[in-house]
Amino acid sequence: MEINNAPQKKRALSFIQSSGMFTLGNYLGAVKNWNNMQEEFECVFGIADLHSITVRQDPATLRKQIYSAAAMLLSTGLDPEKSLIFMQSHVAAHSQLAWILNCYTQFGELSRMTQFKDKSQKHSDNVNAGLFTYPVLMAADILLYKPDLVPVGADQKQHLEIARDIAKRFNGIYGDVFTIPEPYIPPIGAKVMSLQEPEKKMSKSDENENAKILLTDSPDAIMRKFKRAVTDSEARVCVGENKPGINNLIEIYSCITGKTADEITAEFEGKGYGDFKLSVGEAVVEELRPVQEKYNMYISDKAQLEKIYKEGAEKAQYVARKTLSKVMKKVGYVL
Ligand code: ATP
Ligand code: LTN
């Protein structure tokens, strides 16, 4: 595949779930880096809408979230001229390859996945087979496009590892079909924690609205949430062992301004947490302002959005079908 006729570049691939409006964590930890990667790599970015129904979704809400995920990816800078951008459910090969790979994945190895254990506890009334085989679909997402690199956060490392294991197992039986992808840690990035329980990561599915900054939050809402952010009683802006709330705010501020933790401590010497929270809030508001302007434009022009994701799907189908056909031939299907 030559997505943009640049076969000399390494290929990178990542997906994001459409399980809710993106948070500041998704932005600083993932999507902002994807934007920066577009020059250096040939990139494939997907909206993992098939994965989203492993937990129950309301159809109207899900539809809205998928649109909004597409609009947000474009607003944060992903460029359909440079990268392949599409929705997973538009490319049937993902489900088809996932079925085949299911038959090359062991029950035991899926049972060890910590996300499965966590989510089946959290949704104990709906421990469905999709939740169990989720990593196999993710392996299909990856292996269809033969990426060299997959940027994922720490929580997805185990899933990437199983994708590599499945690929190696398949290649071991049938020869070199799949590229074995490497994890990619972007040079700049942040792990953003919950503003209310800073030991936990900020998560878009968190039910506590004050715990997360949504990329569509108004400036007032952003400032209010930062003012309410949980901190400690020490009142000195510096990184410390028992200061998860302040560490988190320093990380956010550092990621946006490019300042180091020491520079931030110097900047706020003699000032209280209140001043620091205001500055972090203002930096986030300014960072998100252009993103929100573009988002409002895309989300109110569904025709343009549809044109972009349909073109993306066509290109993705072409690439994915080629890999799927090769797999099917190897397994012994009649094409
Ligand atoms: P959910 O609440 O549905 O589990 P999530 O907000 O945890 O979603 P994902 O869709 O699982 O996010 O992740 C998308 C990308 O964003 C991944 O690359 C993940 O590592 C990254 N990411 C998610 N949350 C954070 C965070 N708090 N800090 C940094 N990166 C994050
Ligand atoms: N499981 C991932 C989303 C995801 C993904 C992928 C990431 C689905 N398919 C392929 C990288 C490559 C998550 O929840 N963040």
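Here are some notes:
- Every condition in (1) within 13 Å of ligand 2 (Cβ to nearest atom); (2) more than 17 Å from Asp217 (Cα to Cα); (3) not small (Gly, Ala, Ser) is met by Gln38 except one, and the failing one is (1).
- The number of residues in the stretch 1-15 being within 11 Å of ligand 2 (Cβ to nearest atom) and either at pLDDT below 90 or open to solvent by 10 Å² or more (accessible area, probe 1.4 Å) (or both) comes to 1.
- Close pairs (9 angstrom Cβ cut-off, 6 or more residues apart or separate chains): within 19 Å of Val55 (Cα to Cα) and more than 10 Å from ligand 1 (Cβ to nearest atom) in the stretch 197-216, small (Gly, Ala, Ser) and open to solvent by less than 30 Å² (accessible area, probe 1.4 Å) anywhere: Asn208/Ser194
- Out of Asp148, Asp155, Asp176, Asp165, one residue alone is within 13 Å of the chain's Cα centre (by Cα) and acidic (Asp, Glu). It is Asp155.
- Complete set of residues in the stretch 286-301 that are assigned to a helix (DSSP H, G or I) and open to solvent by less than 90 Å² (accessible area, probe 1.4 Å): Glu287, Leu288, Pro290, Val291, Gln292, Tyr295, Tyr298, Ile299
- Breaking point among (1) farther than 23 Å from Cys255 by Cα; (2) open to solvent by less than 50 Å² (accessible area, probe 1.4 Å); (3) within 16 Å of ligand 2 (Cβ to nearest atom), for Leu24: (1)
- Of the criteria (1) within 30 Å of Asp118 (Cα to Cα); (2) among the basic types (Lys, Arg); (3) touching a residue at least 24 places away in the same chain (Cβ under 8 Å); (4) out of contact with any strand residue (DSSP E or B) (no Cβ under 8 Å at 6 or more places or on another chain), which one Lys227 fails: (1)
- Of the residues making up the stretch 68-88, none is open to solvent by 20 Å² or more (accessible area, probe 1.4 Å) and within 14 Å of ligand 2 (Cβ to nearest atom).
- Just one of the listed residues (Ala320, Ala316) is in contact with a strand residue (DSSP E or B) (Cβ under 6 Å, 6 or more places away or on another chain), buried (at least 18 other Cβ atoms within 10 Å of the Cβ) and small (Gly, Ala, Ser), namely Ala316.
- Qualifying residue in the stretch 136-143 (condition: open to solvent by 60 Å² or more (accessible area, probe 1.4 Å) and modelled with pLDDT of 95 or more): no
- Annotation: of all residues in the stretch 144-195 being assigned to a helix (DSSP H, G or I) and within 11 Å of ligand 1 (Cβ to nearest atom), the one that is surrounded by the most Cβ atoms within 10 Å (Cβ to Cβ) is His159.
- Qualifying positions in the stretch 111-135 - away from ligand 1 (no atom under 16 Å from the Cβ) and buried (at least 17 other Cβ atoms within 10 Å of the Cβ): Phe132, Thr133
- Applying the criterion of at least 2 residues that are surrounded by 18 or more Cβ atoms within 10 Å (Cβ to Cβ) to the helices (runs of 4 or more DSSP H) found wholly in the stretch 213-285 leaves 219-227, 244-257.
- Scanning the stretch 42-54 for residues that are of a type in the set (A, V, I, L, M, F, W, C) and either buried (at least 22 other Cβ atoms within 10 Å of the Cβ) or within 8 Å of ligand 1 (Cβ to nearest atom) (or both) yields Cys43, Val44, Phe45, Ile47, Ala48, Leu50.
The values are calculated or read from the model by the stated rules, or taken from the named source; none is laboratory data. On a predicted model such as this, the values are computed, not experimentally measured, just so you know. Every residue, glycine among them, receives a Cβ derived from its backbone with ideal geometry; neighbour counts consider all protein chains shown. Note: areas computed on protein heavy atoms with side chains; ligands, DNA, RNA excluded. Shrake-Rupley method; radii C 1.70, N 1.55, O 1.52, S 1.80 Å.
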